[in-house]
Every structure is written in C-alpha cells, then in structure tokens.
Amino acid sequence: MDSVLGLQGKDYALVAADCSAGRSIMVMKHDADKIVKLDDHKIAGIAGPQADAVMFSEYIGKNMALYAINNDMKLSTHATANYIRTELAGALRRGPYQTNILLGGYDADDGASLYFCDYMASLHKVPFGAHGYCSNFCLSIFDREWKADLTLEEGLEIVRKCKAELAVRFLIAQPKFLVKIADADGVRTMEL
C-alpha cells in the first residue's frame, strides 16, 4: 500500500512518499524512509515489498558509487534511469524485483528531471508521476495543478493537496509523508 509521488519543477525534482511500512492488514511502523539518496543529486522513491525495495535500492546505489570510482565520473540522471531500467529488465528473467521507482535528479547541464519506472522495466521521463493506489487520487491533481516553471513552494503545495485528498478519500490511513528534493544544492529532506 505504498504511496510514492513525484514532480519536476523549474530547477528541482521532488519525490514524496508515505512513511508507513505494512503487510497485509498490519502496519509495522510509521517512520519508514522509502526515498533513497543515490548520490549527491539523485533520489529514488521506491514502492513495493520492503525486501525488494531495500535490496534493489542498495544494489543500484552501490553500483553507481563503484562506477564513479572506476570511471572518475558520476552517472547523469538519464544514465541512472537507463541503468535502473536495464537491471530491472534483466531481473525479469531471473527473479524479478517487485519495485516501482520514481527517480528524480538534477544535472548541471540538463537541469532537473523525473523518471517513472515500473517493475516490468518500462521507463518514461515524466513531469509528474505516482506509484501505488495513490495514483487513482493524485494524478488528476497533478494534471490540473502542474506547470513547467513550478517554484518549490508551488510544488510542495501540490503535494500537500495530494496528501489532503488521500486523507479524505483513501481507505488506508497514511498519516505521515516524507519529501526529498534534489536540486543544484544537493538533496534535502523535509516532512509534510
């Protein structure tokens, strides 16, 4: 029952996720961090079973660090998205990861970008996206409110509207959301 939301603003990428970790009808905790910092300017919001989400995000992060050491350069957000897609596609034939990912990042040359990747390894560059049942409620809000030159405060307000809509209409209670922002200054975290 993960809810992962993301949007690309004027000069930042924002990913928000609920902090509930549960299985079946039980909630284990309300302080789970489902947004992984992959490097200084990239974040990935991961939805799916906790074991797959943690294993896959650690695998991607460690291999990105290894690539940076071996080649003396970091992957761009576009290259990271395609690396994630390649790994998910390869895993489909061995033992698939049941993970859905929103990758947000900032590159000095290309600016901010957001990528939508699902567990079947389909990849799309998007201005906004959502994984989980929250997409039934939030994609219409993104569609109505999103514009190309969103300021950070406008982007946060859209996420607040999504959280409020989920609180009113969604059967599952998700009281706490965490937001991470990737921009020219790096990655920072805030709570809604």
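The values are calculated or read from the model by the stated rules, or taken from the named source; none is laboratory data. As the structure is a computational prediction, the values presented were derived from the model and not from experiment. Cβ coordinates were reconstructed from backbone atoms using ideal geometry, including for glycine residues, and neighbour counts include every protein chain displayed. The accessibility values were calculated without ligands, DNA or RNA, using every heavy atom of the protein model including side chains. Shrake-Rupley method; radii C 1.70, N 1.55, O 1.52, S 1.80 Å.
Results, tabulated for the structure shown:
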item	result
Distance histogram for region 69-164 (every C-alpha pair counted, 10 angstrom bins, percent rounded to whole numbers)	14, 39, 32, 13, 2
Which label in (i) 15.7, 49; (ii) 15.4, 46; (iii) 18.2, 55 gives the computed Rg and Dmax of the Cα atoms in Å	(i)
Table column - 3J(HN,Hα) (Hz), region 155-168, Karplus curve with 6.51, -1.76, 1.60, x for Gly and Pro	x, 5, 5, 5, 5, 4, 5, 5, 5, 5, 5, 5, 5, 7
Accessible area of region 57-107 belonging to carbon and sulfur atoms, whole % at 1.4 Å probe	52
Helical contribution to [θ] at 222 nm, DSSP H n ≥ 4, -39,500 (n - 2.57), averaged over the chain, rounded to 500	-11500 deg cm²/dmol
Carbon and sulfur %, accessible surface of region 130-192 computed with the full protein complex present, 1.4 Å	51
Net charge of Cβ neighbours under 9 Å - reference residue 64; Lys, Arg +1; Asp, Glu -1	+2
Å² per residue, accessible surface of region 28-170 at 1.4 Å	52
Which of 22, 9, 46, positive extreme of dipole for region 8-50 (C-beta unit charges)	22
25, 60, reordered so the largest accessible area comes first (probe 1.4 Å)	25, 60
Length-normalised contact order of the chain in % [C-alpha pairs under 8 Å, at least 6 apart]	31
Euclidean distance of C-alpha centroids, region 34-87 and region 116-132, integer Å	15
Residues of type aspartates and glutamates that residue 42 reaches as a straight line, Cα spacing below 17 Å, ignoring anything fewer than 8 places off in the same chain	11, 33, 58, 107, 109, 110, 183, 185
Peptide ranges 149-158, 86-95, 165-174 listed from the most packed, as the mean C-beta count within 10 angstrom indicates	149-158, 165-174, 86-95
Burial order of peptide ranges 67-76, 111-120, 8-17, 134-143 (average beta-carbon count within 10 Å, highest first)	8-17, 111-120, 134-143, 67-76
In region 52-192, lysine pairs with alpha-carbon atoms under 20 angstrom apart (chain gap of 8 or more, or interchain)	12
Leading residue at positive end of dipole, region 1-127 (Cβ point charges), from 108, 68, 92	92
Of the trypsin sites (Lys or Arg not before Pro) in region 121-164, those whose Cβ has at most 13 other Cβ within 10 Å and which sit in DSSP loop	147
